[in-house]
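Everything below concerns the one structure shown next.
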Amino acid sequence: MLLDLTQAVEALCNGGVVAIPTETVYGLAGNALNISAVDKIYKAKGRPSSNPLILHFANLEQTEPYVIDWPEPLLKLAQQYSPGPITFLVSKTKAVPNRITAGSDRVAIRFPKHEITHQLLSQLDFPLAAPSANKSGYISPTSATMVEMQLGNKINGVVDGGRCSGGIESTIVGFNGKAIELFRHGLISQEQIEKATGIEVIEKSIISEEHLEAPGMMKSHYAPDTRTILVEDIDAEIKLHKGLEIALISLTPQSITDVAFSITLSKNGGINEIAHNLYSAMFEMDQKNADIIIIEKAPNEGLGKALNDRLKRAVADKG
Ligand code: TXA
Ligand code: MG
């Protein structure tokens, strides 16, 4: 069900869960201070409770009751890139329920840039906990339709804010007193972070993947149901998989005839356009029920690194 802003505010104030647009991907939002709303988020997604949630705010002032202190380098980044596609791991106060952080003393905080969601957050007197609005392990939604097809009957509704401009999840950073810790690559690049802070950036693995590697749990993330491979040489892989019904996702237009389905992510290889279209293309190709999805790898630099990171998880062994 589509909700307007007023209906979304009402549902959220009543402990409901509502999918909201952001500039990265759609989030599944609920009142972070209401444990029953938080439970509904985990339940709707089928997400393990060991995987913590990001808190969303309209501005820095709103975070005051929830954050012990903002380390100077993260504050600098927040001032330069927020609202925008970057998430900060900072020490939490007792006002943040432990359920939100899965017991960690650091909480993830983000200031989304999408106009409707910014307005929504400005009207609320509680933070919104919002993971990506997909079924746990599946492709993050970049449109209201993608949310409805995955979670439509499990949530109170969706605020339709059009297609997400960015198309992949936010960059996640922390600070260990010496270096910036980069937990997830995203639309704000490592180079931009180094430049803004003048501080070394070190890569860290993200908490969810560590937990998800527990025996019997899915290793894969962002993954289509169809078997998916990530390749550099499209022609060679198509020959290798001759006889199978192939769905091809290429970075730029290709003149390939022997695939059943194909989709192109950009006209001329522009990396922002590729990011913008990637998840919807994966979703569309997964609906075709082909034997295999072949995705062309992005150049491994800047935003391309973030895309390849997601794609590697999308093709990981489902265990
Ligand atoms: O762009 C985004 O960040 C989107 C939009 C909706 O804001 N949200 C998003 O949330 O991608 P989610 O839950 O799908 O991914 C957040 C990641 C998870 O891997 C989670 O483990 C990690 O952030 N995370 C959240 N809180 C954390 C914490 N306190 N400590 C360490 N990792 C945390
Ligand atoms: Mg997610």
Taking neighbour counts of Cβ atoms within 10 Å as a proxy for exposure, in what order, fewest first, do 228, 145, 101 appear?
-> 145, 101, 228
Assigned charges on the beta-carbon of Lys, Arg, Asp, Glu; segment 1-158 dipole about Cα centre (debye) | 620 debye
Between segment 250-302 and segment 41-61, the Cα center-to-center distance that results, in Å = 29 Å
Quotient of Cα Rg and 2.2 N^0.38 Å for the chain, N being how many residues it contains = 0.98
Identify all aspartates and glutamates with a Cα-Cα distance to residue 92 below 19 Å; exclude those on the same chain that are fewer than 8 residues away in sequence.
-> 61, 64, 69, 72, 105, 125, 181
Please work out whether segment 26-168 counts as rounded, prolate or oblate from its C-alpha gyration tensor, where a ≥ b ≥ c are the square roots of the eigenvalues and a/c under 1.5 means rounded, while otherwise a/b larger than b/c means prolate and anything else oblate?
-> oblate
Sort 45, 113 so that the residue with the fewest other Cβ atoms within 10 Å of its own Cβ comes first and the one with the most comes last.
-> 113, 45
Length-normalised contact order of the chain in % [C-alpha pairs under 8 Å, at least 6 apart] = 20 percent
Quote to one decimal, in nm, the extra length available between residue 104 and residue 199 on full extension: 0.36 nm per residue of separation minus the C-alpha distance between them.
-> 31.7 nm
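Report, as a whole number in µm² per second, the diffusion coefficient that Stokes-Einstein gives for segment 56-101 at 4 °C and 1.567 mPa s using the Kirkwood radius over alpha carbon pairs. Kindly include the intermediate steps, with their values, before the conclusion.
Working: Rh = 11.3 Å.
For the chosen part, D equals 115 µm²/s.
I'd like the FRET efficiency for residue 242 and residue 191, computed as 1/(1 + (r/R0)^6) with the beta carbon distance as r and R0 of 45 Å, rounded to 0.05.
Plugging the Cβ-Cβ distance into 1/(1 + (r/R0)^6) gives 0.65.
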Mean separation of Cα contacts under 8 Å (at least 6 apart) over the residue count of segment 1-159, i.e. the relative contact order in percent, is 38 percent
Calculated from DSSP helices alone, with each H run of at least 4 adding -39500 (n - 2.57) and the total divided by the residues of the chain, [θ]222 nm to the nearest 500 comes to -9000 deg cm²/dmol
Positive-end residue, segment 46-176 charge dipole about Cα centroid, Cβ charges, pick of 82, 146, 62 = 146
Evaluate E = 1/(1 + (r/R0)^6) for residue 68 and residue 263, where r is the Cβ-Cβ distance and R0 equals 51 Å; express this FRET efficiency to the nearest 0.05.
-> 0.65
Table column - 3J(HN,Hα) (Hz), segment 173-179, Karplus curve with 6.51, -1.76, 1.60, x for Gly and Pro | 10, x, 9, 9, x, 10, 10
Local electrostatic count, residue 259, Cβ distance below 13 Å [Lys/Arg +1, Asp/Glu -1] = -3
For residue 6, placing the label point 7 angstrom along Cα-to-beta-carbon and taking segment 89-125, residues whose amide nitrogen sits under 16 Å are 120, 123
Restricting to lysines and to Cα separations under 19 Å from residue 178, and discarding same-chain partners fewer than 8 apart, the set is 76, 195, 204
In nanometres, the difference between 0.36 nm per residue of separation and the alpha-carbon distance of residue 35 and residue 252 is 73.6 nm
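Just subtract the alpha-carbon distance of residue 119 and residue 145 from 0.36 nm times their residue separation and send over the number in nm, one decimal.
7.2 nm
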For segment 1-63: rounded, prolate or oblate by the Cα gyration tensor [a/c cutoff 1.5] | rounded
What ranking of 257, 226 emerges when the number of other C-beta atoms within 10 Å of each C-beta is taken as an exposure proxy, fewest first?
-> 257, 226
Segment 66-158: relative contact order from alpha carbon pairs under 8 Å, six or more residues apart, as a whole percent, is 21 percent
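Calculate, for residue 43 and residue 176, the FRET efficiency according to 1/(1 + (r/R0)^6) with r their C-beta to C-beta distance and R0 25 Å; round to the nearest 0.05.
0.15
FYI, it's all coordinate maths here, none of it is from the lab. Source: prediction; values computed, not measured. Because the Cβ atoms are built from the backbone with ideal geometry, glycine has one as well, and the counts that use them run over all protein chains shown.
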